[in-house]
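The values are calculated or read from the model by the stated rules, or taken from the named source; none is laboratory data. Because the structure is a prediction, the values reported are computed rather than measured. All Cβ positions, even for glycine, are placed from backbone atoms using ideal geometry, and neighbour counts span all protein chains on display.
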Amino acid sequence: MMAAARGALAVLTFLVLATVALAQGLEPTLPDPVLEARAQELHKVLRCLVCQNQSIHESNAELARDLRNVVRERVAAGDSDAQVLTYVVARYGDWVLLRPPFNAGTMLLWLGPPLILATALLGTGVYFVRSRRSIPDMKPLTSEEQARVAALLGEERQG
């Protein structure tokens, strides 16, 4: 009886693990570990076109899986890293790179954040300079004004 229960438990465990493995979407890997490591490094510099802010290495999207397979095919075919990236960029554009090159098409992408920051700092500086100018120069109170302030403060304390 115990052997049958153990056998059933083993089968059930196998089925659960097989289901988990299928849910993870097992991908083929290259038989050569050096080539697979190169392919995985390339996966980390390519953007998932579905997720847009993840590399294809991190993404579970089907398109990312397809791109990982394309990269593996190109690496297995003997392409250098530069050739693989050129191949993928030719099909998807510079957007597929997590760090696109600096050129006329990506100039705003690279220069936009520093320009926005510089504009914000300049605007803040101008605001503070102008607000400082709008404050009238403070002159010391005359004796009459001091007496009036003392009288007002005296009234408030009593009331």
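The condition of being touching a helix residue (DSSP H, G or I) at 6+ places or on another chain (Cβ under 6 Å) and assigned to a helix (DSSP H, G or I) holds for only one of Val129, Val50, Val71, that being Val71. Considering only residues that are part of a helix (DSSP H, G or I), at pLDDT 80 or above and surrounded by 10 or more Cβ atoms within 10 Å (Cβ to Cβ), which ones fall in segment 1-47? Once the filter is applied, which keeps residues that are part of a helix (DSSP H, G or I), at pLDDT 80 or above and surrounded by 10 or more Cβ atoms within 10 Å (Cβ to Cβ), segment 1-47 yields Leu35, Glu36, Ala37, Arg38, Ala39, Gln40, Glu41, Leu42, His43. Can you confirm whether Ala82 is in a helix (DSSP H, G or I), small (Gly, Ala, Ser) and without any contact (Cβ under 8 Å) to a residue 24 or more places away in the chain? Taking the combined requirement at face value, the residue satisfies it.
Residues considered: Trp110, Trp95. Of these, the only one that is surrounded by 11 or more Cβ atoms within 10 Å (Cβ to Cβ), touching a residue at least 40 places away in the same chain (Cβ under 8 Å) and assigned to a helix (DSSP H, G or I) is Trp95. I'd like to check something: does segment 130-138 contain any residue that is more than 30 Å from Ala82 (Cα to Cα) and surrounded by 10 or more Cβ atoms within 10 Å (Cβ to Cβ)? No, because not a single residue in segment 130-138 is more than 30 Å from Ala82 (Cα to Cα) and surrounded by 10 or more Cβ atoms within 10 Å (Cβ to Cβ). Arg148 meets the conditions (1) outside the structural domain of Cys51 (by TED's automatic domain parsing); (2) exposed (fewer than 10 other Cβ atoms within 10 Å of the Cβ) in every case but one. The failed one is (2).
Across segment 132-149, which residue is modelled with the highest pLDDT among those that are in a loop (DSSP other than H, G, I, E, B) and among the hydrophobic types (A, V, I, L, M, F, W, C)? Checked segment 132-149; the qualifying residue modelled with the highest pLDDT is Leu141.
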